[in-house]
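A.B. asks: Please see the structure below; I have some questions.
The values are calculated or read from the model by the stated rules, or taken from the named source; none is laboratory data. Since the structure is predicted, the reported quantities are computational estimates derived from the model, not experimental observations. As a convention, Cβ positions derive from the backbone with ideal geometry for all residues, glycine included, and neighbour counts pool all protein chains shown.
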Amino acid sequence: MASLTVDGSIGPRRFCKPGAIHLARETGTCIVPCATVASRYWQLKTWDKLQIPKPFSRIILNFGQGIEVPKNTLGSDVLALQLLIREKINDAEKEALSYLEQNYNIRVSPDLS
């Protein structure tokens, strides 16, 4: 099993690079959107708004449904998949935030930009 950050090393944030889609297409693997939320964290002023959980915070890791990349994915289909993946990453974060609130009564404001 392997994983990679689909938005690359320079962003934009949560926008899947075409290379990740081509890799999934060529290997026949799914792209699985995921999100991690922490009840308390420090947020860096970087392009990806990296969050570092504070000690003793609750951390939720949520995996969304895998997105299959068809073998004939090219051109505008790649852009459509990029937008879908961004949406599914945001959905995974919303679900994790909801779980944190419902099960631990902890409300954290999302930053879905």
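A.B. asks: Return the total of residues in the stretch 62-81 being assigned to a loop (DSSP other than H, G, I, E, B) and out of contact with any helix residue (DSSP H, G or I) (no Cβ under 8 Å at 6 or more places or on another chain).
C.D. replies: At the first step, the residues of the stretch 62-81 found to be assigned to a loop (DSSP other than H, G, I, E, B) are 64-66, 69-75.
From the residues that got through so far, the ones that are out of contact with any helix residue (DSSP H, G or I) (no Cβ under 8 Å at 6 or more places or on another chain) too are 66, 72, 74-75.
Total meeting the criteria: 4.
A.B. asks: Residues Lys49, Lys45, Lys54: which one is at pLDDT below 95 and either among the hydrophobic types (A, V, I, L, M, F, W, C) or more than 14 Å from the chain's Cα centre (by Cα) (or both)? Please lay out each step first, then the result.
C.D. replies: Numbers: Lys49 fails: either among the hydrophobic types (A, V, I, L, M, F, W, C) or more than 14 Å from the chain's Cα centre (by Cα) (or both); Lys54 fails: at pLDDT below 95.
Within the list Lys49, Lys45, Lys54, the selection yields Lys45.
A.B. asks: Additional query: Quick one: is Lys88 part of a helix (DSSP H, G or I) and within 19 Å of the chain's Cα centre (by Cα)?
C.D. replies: On the way: part of a helix (DSSP H, G or I): yes; within 19 Å of the chain's Cα centre (by Cα): yes.
Against the criterion (part of a helix (DSSP H, G or I) and within 19 Å of the chain's Cα centre (by Cα)), Lys88 qualifies.
A.B. asks: Pick from the stretch 91-113 the residues that are in a helix (DSSP H, G or I) and of a type in the set (Ser, Thr, Tyr): which of them is farthest from the chain's Cα centre (by Cα)?
C.D. replies: Tyr104
A.B. asks: Follow-up question, since we're still on this one. Has the stretch 23-38 got any residue that is more than 13 Å from the chain's Cα centre (by Cα) and within 17 Å of Pro110 (Cβ to Cβ)? Don't jump to the end; show me each part of the working.
C.D. replies: Just the residues of the stretch 23-38 that are more than 13 Å from the chain's Cα centre (by Cα), to begin with: 23-30, 38.
Cutting the leftovers down to within 17 Å of Pro110 (Cβ to Cβ) gives us 38.
Yes, because at least one residue in the stretch 23-38 is more than 13 Å from the chain's Cα centre (by Cα) and within 17 Å of Pro110 (Cβ to Cβ).
Residue by residue, here is whether (1) modelled with pLDDT under 95; (2) among the small types (Gly, Ala, Ser) holds:
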position	(1), (2)
Met1	yes, no
Ser9	yes, yes
Pro33	no, no
Arg58	no, no
Leu61	no, no
Lys88	no, no
